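**Q** Quick one: structure below, then a few questions.
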Amino acid sequence: MRIMAIDYGDARTGVAVSDPTGVLAGQTFLIKSRKADVVLAELVALVQKQGAEELVMGYPRNMDGTVGPRAEKYAAFAKRLEEAAGMPVVLWDERRTTVDAHRILGEQGIRAKNRKDKIDSVAATLILEGYLDWKRIQAQRKEREEKNP
């Protein structure tokens, strides 16, 4: 089951797609557009081309867990994506993904001014990895419960 993670942004949107088994993060893509309609069309095309069966999108909660205007904007976009792609979109807490993506790229020796086109794809990969880990833990928990009712 291919899972697609989306790091929606004002100028760029990072996308990461899992391997066919839905276990590992695989390819990444970058959509460079400030226009929501363009991003939406490109995401739907990627869903179809990559055979994504599940969508997860970063949801920027405030650090205290509350929902602000940015999160509301993302939720509205996710609803549009659900309608256009014909499948639900899971909103995934992305509070530290961009910070972590900058750290990862910095550790790789990529200078700050050269990170612009990489940061969103790395953030999407972190969203995907977090979601895949969560799904794996849920499956293990369910398996344990079935063995020990």
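The values are calculated or read from the model by the stated rules, or taken from the named source; none is laboratory data. For clarity, every value in this text was computed on a predicted model and none was experimentally measured. Neighbour counts run over all protein chains shown; Cβ positions are idealised from the backbone, glycine included. Note: accessible area is taken over every heavy atom of the protein model, side chains too, but ligands, DNA and RNA are not part of it. Shrake-Rupley method; radii C 1.70, N 1.55, O 1.52, S 1.80 Å.
**Q** Hey, with R₀ at 25 Å, roughly what FRET efficiency would VAL90 and THR21 work out to, going by the Cβ-Cβ distance, to 0.05?
**A** On the way: r = 18 Å, r/R0 = 0.73.
Working from the Cβ atoms, E equals 0.85.
**Q** Expressed as a whole percentage, what fraction of the accessible surface of the chain belongs to carbon and sulfur atoms when a 1.4 Å probe is rolled over the protein heavy atoms?
**A** Details: 4360 of 8510 Å².
Carbon with sulfur: 51 percent of the solvent-accessible area.
**Q** Collect residues whose amide H, placed 1.01 Å from N in the peptide plane, falls under 5 Å from the amide H of VAL90; neighbours closer than 5 in sequence don't count.
**A** LEU55, VAL56, MET57
**Q** Please report, to one decimal in angstroms, the Kirkwood hydrodynamic radius of segment 42-85 built from all distinct Cα-Cα pairs.
**A** Numbers: mean 1/r = 0.0863 Å⁻¹.
Value: 11.6 Å, from the Cα pair sum.
**Q** I would also like to ask the following. Answer with one residue from TYR131, MET63, GLN48: the one whose Cα lies farthest towards the positive end of the charge dipole of segment 47-149, charges on Cβ with Lys, Arg +1 and Asp, Glu -1.
**A** Ranked along the dipole, the leading option is MET63.
**Q** Follow-up. Solvent-accessible area per residue for segment 47-149 at a 1.4 Å probe radius, Å²?
**A** Numbers: 6480 Å² over 103 residues.
Here the residues of segment 47-149 average 63 Å² of exposed surface.
**Q** Pairs LYS73/LYS135; LYS35/LYS135; LYS32/LYS135; LYS35/LYS116; LYS35/LYS79; LYS79/LYS118: which exceed 23 Å Cα-Cα?
**A** Numbers: LYS73/LYS135 26 Å; LYS35/LYS135 32 Å; LYS32/LYS135 30 Å; LYS35/LYS116 18 Å; LYS35/LYS79 16 Å; LYS79/LYS118 26 Å.
Over 23 Å apart, Cα to Cα: LYS73/LYS135; LYS35/LYS135; LYS32/LYS135; LYS79/LYS118.
**Q** Over all directions, what mean area does the Cα convex hull of segment 66-109 project, stated in square nanometres?
**A** Details: hull surface 16.7 nm².
Mean shadow area of the hull around the Cα atoms is 4.2 nm².
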